[in-house]
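K.L.:
Dumping the structure here so I can ask a few things about it.
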Amino acid sequence: MANLRVEIAGLSFRNPILPGAGPQVDNGEKLAAVARNGAGGLVTRTIGFLPAPEADSYKVVRGGYLSRPMWSSLSAEQWAGQELPLARRAADEAGIPLIVSVGYNAAEVEQLLPGLRDYADGIELATHFLRPNSAPMRDPLAVVREVSQLPSHFLAHDTQPLVEAVQAAKGAFAGPVWVKLSPWGQEEVLRVAQAAVSAGADALVATDLLGPTLAIDIERATSLFSDDVYGWLSGTSLRPTALRVVFDLARMFPTMPVIGSGGVARPDDAVEMLMAGASAVQMTTEALRRGPRWYGRLAQQLSGWLDKHDKADIAAIRGQAVCLWQTLLPHTVSTPPLYKKEACIGCKLCELSCHYHAIWMEGMVATLEPDLCFGCGLCVVRCPTDALTMPRVQRDGVVVNPRNGEPLRFWTLGLPAE
Ligand SMILES: Cc1cc2nc3c(=O)[nH]c(=O)nc-3n(C[C@H](O)[C@H](O)[C@H](O)COP(=O)(O)O)c2cc1C
Ligand code: SF4
Ligand code: SF4
């Protein structure tokens, strides 16, 4: 059986399948159930300076949930007196670390941690309700209203509240501090991540929910959330975006552990996240749908996947796609695909997918006009056989454009292109 154990910022997890901060881990009993059911470690619901003013609300949409997530509705005192001792015992019995999620502003984190830190192996800093205003929250409902008025990625333009919160957590807690990021645009995420890393973060969690997003109840012609209008997306529809964030972070911060979160539901999803550079994954929505058993089940299935692929250790796949991309995959290859007539079944999918009319069928044979082709590769990914492939021409170890022999430039996101 493959070794699933992973090390993240000095902590050892029995497998890389962790809960994400959410309703399925919002008290000690639920955390104990997650531990009993095979998760690699525990992460609590976010504990705020004051309890959340109302419960989360959800709507089910195709491919996920839209929700209006809050933080824990239990007080910090109840967590310290009752829930965390229970969770600590469960973590110790299972031999797994306990990460305590706290929020939000520096002053709140500073005051919260002394009561909670003795139970924690690590802290996860939630950022969803972080505000420019540095005063500790007095009225949670006012905080929710204030945050709903802020531009969704205000943090990318004003990283100071985050920097202060990370410094406050590092000052009040001796162990590792993970920082959770939202799935914004590439530039915004990297700017916020850079601020977190510079302030002393030990790991990054990517991502939180995506939002604001919208769904319309077409019978009533209103938002599914009526007056509140927007919801925040989680579940499988979030996965490609979360995966991109993980991938970008893994390339930008190669020595920083990244924990992938967003749409992990099946073992392949976890494999994808790990190949994109994650050290572990968190799962929330799918566990809300299927119950705590899904953590252990996923870990078992992941182990089966590794065995089937002759990988003795989970470490063998971590970042595999990042390495591959760095050595092989050019962002744009303006070169026409190669065609293997004997593999073609005449399905016409290439003709249907080419928006440049560069490939069409003549009887059962695909015909390609190279001068019309932009090398977008859409026909290649739609081709159900390997009749179409993209050429990869290497000269002296460098991938070159077969048309002119020029080295292909790699898209390096903030790093020099050469
Ligand atoms: C109802 C709900 C409540 C959540 N509450 C929190 C929270 O308190 N703190 C936090 O950091 N993330 C919270 N999240 C975000 C999840 O931890 C996770 O990042 C997100 O849902 C994406 O993962 P998933 O697709 O596996 O659900 C919440 C998500 C949902 C759906
Ligand atoms: S690579 Fe793109 S442009 Fe070229 S034939 Fe295929 S779909 Fe058309
Ligand atoms: S998509 Fe592939 S198999 Fe189908 S017609 Fe085109 S080349 Fe042939």
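K.L.:
Inside region 117-131, can you point out the residues that are touching a Lys or Arg at 6+ places or on another chain (Cβ under 8 Å) and under 17 Å from A9 (Cα atoms)?
P.N.:
Correct list: I123, E124, L125.
K.L.:
So R45 fits all but one of (1) among the charged types (D, E, K, R); (2) part of a helix (DSSP H, G or I); (3) touching a residue at least 12 places away in the same chain (Cβ under 8 Å); what number is the exception?
P.N.:
Checking R45 against (1) among the charged types (D, E, K, R); (2) part of a helix (DSSP H, G or I); (3) touching a residue at least 12 places away in the same chain (Cβ under 8 Å), the one that fails is (2).
K.L.:
Something else now. I'm trying to understand the selection: among the residues of region 1-35, which are closer than 26 Å to Q82 by Cβ and of a type in the set (V, I, T)?
P.N.:
Within region 1-35, V25, V34 qualify.
K.L.:
Still on this structure, please answer the following. Quick test of your reading of the structure: V144 fulfils all but one of (1) without any contact (Cβ under 8 Å) to a residue 60 or more places away in the chain; (2) farther than 27 Å from P16 by Cα. Name the failing condition by number.
P.N.:
Every condition holds for V144 apart from (1).
K.L.:
Right, something else. Residue check: is A250 within 22 Å of F129 (Cβ to Cβ) and either within 16 Å of ligand 3 (Cβ to nearest atom) or buried (at least 19 other Cβ atoms within 10 Å of the Cβ) (or both)?
P.N.:
The answer is no for A250.
K.L.:
State all residues of region 99-158 that are touching a His at 6+ places or on another chain (Cβ under 9 Å) and among the hydroxyl-bearing types (S, T, Y); if no residue qualifies, say none. Before you say what the answer is, go through the steps one by one.
P.N.:
Taking region 99-158 as the starting set, the residues that turn out to be touching a His at 6+ places or on another chain (Cβ under 9 Å) are 103-104, 147, 151.
Across region 99-158, the qualifying residue is only Y104.
K.L.:
Kindly establish whether P53 is farther than 23 Å from D269 by Cα and surrounded by fewer than 16 Cβ atoms within 10 Å (Cβ to Cβ).
P.N.:
Judged against the criteria, P53 is not a match.
K.L.:
Can you spot a residue in region 207-224 that is at pLDDT 95 or above and within 20 Å of N15 (Cα to Cα)?
P.N.:
Scanning region 207-224 turns up at least one residue that is at pLDDT 95 or above and within 20 Å of N15 (Cα to Cα).
K.L.:
Quick one: how many residues across region 161-205 are in a loop (DSSP other than H, G, I, E, B) and farther than 21 Å from G263 by Cα? I'd like the intermediate steps shown before the answer.
P.N.:
First pass over region 161-205, keeping only residues in a loop (DSSP other than H, G, I, E, B): 173-176, 182-185, 200-202.
Within this subset, residues satisfying the condition of being farther than 21 Å from G263 by Cα are 173-176, 200-202.
Qualifying residue count for the region: 7.
K.L.:
Are any residues in region 255-277 in contact (Cβ under 8 Å) with a residue 40 or more places away in the chain and over 12 Å from the mean Cα position of the chain (by Cα), and if so, which ones?
P.N.:
M256, P257, V271, M275
K.L.:
Of everything in region 331-390 that's in a helix (DSSP H, G or I) and more than 11 Å from ligand 2 (Cβ to nearest atom), which residue is surrounded by the most Cβ atoms within 10 Å (Cβ to Cβ)? Lay out the reasoning, then the answer.
P.N.:
Of all residues in region 331-390, those in a helix (DSSP H, G or I) come to 341-343, 349-353, 370-372, 378-382.
Keeping just the survivors that are more than 11 Å from ligand 2 (Cβ to nearest atom) gives 341-343.
Values: K341: 9, E342: 6, A343: 13.
Looking at the filtered set, the residue picked out is A343.
For (1) within 14 Å of the chain's Cα centre (by Cα); (2) not β-branched (V, I, T); (3) not assigned by TED's automatic domain parsing to the domain that holds S67, each residue gets a yes or a no:
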| residue | (1), (2), (3) |
| --- | --- |
| G185 | yes, yes, no |
| A206 | yes, yes, no |
| L210 | yes, yes, no |
| E219 | no, yes, no |
| T222 | no, no, no |
| V229 | no, no, no |
| L233 | yes, yes, no |
| L238 | yes, yes, no |
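K.L.:
Taking the stated definitions as given, is S223 surrounded by fewer than 24 Cβ atoms within 10 Å (Cβ to Cβ) and small (G, A, S)?
P.N.:
Values: surrounded by fewer than 24 Cβ atoms within 10 Å (Cβ to Cβ): yes; small (G, A, S): yes.
When the stated conditions are applied, S223 passes them.
K.L.:
Another one. Among the candidates Y58, Y104, single out the residue that is aromatic (F, W, Y), surrounded by fewer than 24 Cβ atoms within 10 Å (Cβ to Cβ) and within 30 Å of A215 (Cα to Cα).
P.N.:
Of Y58, Y104, the one residue that is aromatic (F, W, Y), surrounded by fewer than 24 Cβ atoms within 10 Å (Cβ to Cβ) and within 30 Å of A215 (Cα to Cα) is Y58.
K.L.:
To continue, here is another question. In the set S234, S223, S182, which member is free of Cβ contacts under 8 Å to residues at least 40 places away in the same chain and of a type in the set (G, A, S)?
P.N.:
S223
K.L.:
Just the residues that are among the small types (G, A, S), surrounded by 23 or more Cβ atoms within 10 Å (Cβ to Cβ) and under 13 Å from P19 (Cβ atoms), please, taken from region 261-296.
P.N.:
Passing the criteria: S261, A280, A287.
The values are calculated or read from the model by the stated rules, or taken from the named source; none is laboratory data. Just so it is clear, the structure is predicted and the values come from calculations on it, not from any experiment. Note that we place each Cβ from the backbone using ideal geometry, even for glycine, and neighbour counts take in every protein chain shown.
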